[in-house]
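Participant: First the structure, which I've put down as structure tokens, then a few questions once you've had a look.
The values are calculated or read from the model by the stated rules, or taken from the named source; none is laboratory data. Model, not experiment: these values are computed from the prediction. Please note: Cβ atoms are built from the backbone with ideal geometry, for glycine as well, and neighbour counts cover all protein chains shown.
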Amino acid sequence: MHNRDEGELEDDVLAARGGDADSWARLVERFAGLIWSVARNEGLSATDAAEVSQTTWLRLAEHIDDVHDPERLGAWLVTTARREAQRLGRVGAHYVLTDPWQYLDMTSADEADLALLSAERDVAIQHAMTLLPGRCRGLLAALVVEEPPMSYAQVSAATGMPVGSVGPTRGRCLEQLRVLIERVEGETRLEPAKGLRS
Amino acid sequence: MLDEPIEEVALLADVATALRRLETVPADVVEQAKAAFAWREVANAVAALDYDSAVEDDALVSVRGSSLGSDRVLTFATDGGRVELYISDSGRRLLGKVAPNVFRSAVLRHPSRSLTLDVDASGTFFVDRLPRGPLSVKCVPLTDSISPLETEWVAI
């Protein structure tokens, strides 16, 4: 299951490189939310975040032949989007904090730091989720989507997974996610990632 | 569900927070991302951005920026040549310079349209109404024996 799902990302990258627009569209569906989050977390307005997103995808279109390790594609997109967002931010003319009060309301610099750290953590989690096998992605999303959380019986009904498997699978998926979060935090901390080669 | 390990509960709570904060990406942004695929070109070498005054240190920016009257200076380099872009007037004016001097025109490429500028005898090109949005410049050579030169996409 895990391997087949990883294969999907790899297949889409290979097919996109060969000119298949449907595969490219699937890459967009998988990563568009992540790129958007990165740009917004850098404090960009929706207009500037849209420009960063577009630039990032144009860059990928240029460099898709250099993607030798599809597993690292997310890290490359995050790094590219973050660098473009910071660049656009420093140009200044369009720079607007998403919510200036968010930082002003805080009583100390530590709290502002904490908010930024938690934004980074959100992006790392979202990034790791894009790398999870589809079954795990679906299960974890089902487990957290409702407040209060769905029962295992409801999750079972929503995902088609036998109710007895929900608990053990949840454990395995969270463990995979934890490992992936550590990995993507390591990959995206090392800037700048100039190329896609592993 | 009461015997769930505490680490799992904590991680799942973080996942819930991260997914809740995940904004819905505007539909036009997704469409633009899909359309970017049409810009995939296999043949030409791409000149990578190697200097951007927006990310260099302040001292260097003020020296380079002010001496040229530009808000932002970008340079791109590849084995086939070098492109310098000087952007001023809040991103509205663009003065470009390409070397070596073997190109007849510069195509300013935006995702939705292109603008072709003549390259003069000193390798410069100019436009005073630069559209907003991602930009890539493709320099068209004087003869077919020379390869076109195109820059990476940048957000302006």
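Participant: Quick test of your reading of the structure: B:ALA13 fulfils all but one of (1) modelled with pLDDT of 85 or more; (2) farther than 24 Å from A:ALA61 by Cα; (3) in contact with a Leu (Cβ under 8 Å, 6 or more places away or on another chain). Name the failing condition by number.
Facilitator: Just one mismatch for B:ALA13, condition (3).
Participant: So which strands (runs of 3 or more DSSP E) stay within the range B:72-156 end to end and still have 3 or more residues that are away from chain A (no Cβ under 14 Å)?
Facilitator: Filter on the range B:72-156 gives B:81-88, B:93-99, B:103-109, B:114-118, B:124-127, B:134-141.
Participant: Moving on to the next point. I want to confirm something. Restricting to the range A:49-93 and keeping residues that are farther than 19 Å from B:LYS34 by Cβ and outside any helix (DSSP H, G or I), which single residue is nearest to the other protein chains (Cβ to nearest Cβ)?
Facilitator: A:ALA93
Participant: Hey, among the residues in the range B:117-150 that are of a type in the set (Val, Ile, Thr) and within 30 Å of A:ALA49 (Cβ to Cβ), which one's modelled with the lowest pLDDT?
Facilitator: B:VAL127
Participant: Would you mention how many residues in the range A:19-48 are facing chain B (nearest Cβ under 8 Å) and among the small types (Gly, Ala, Ser)?
Facilitator: Qualifying residue count for the region: 7.
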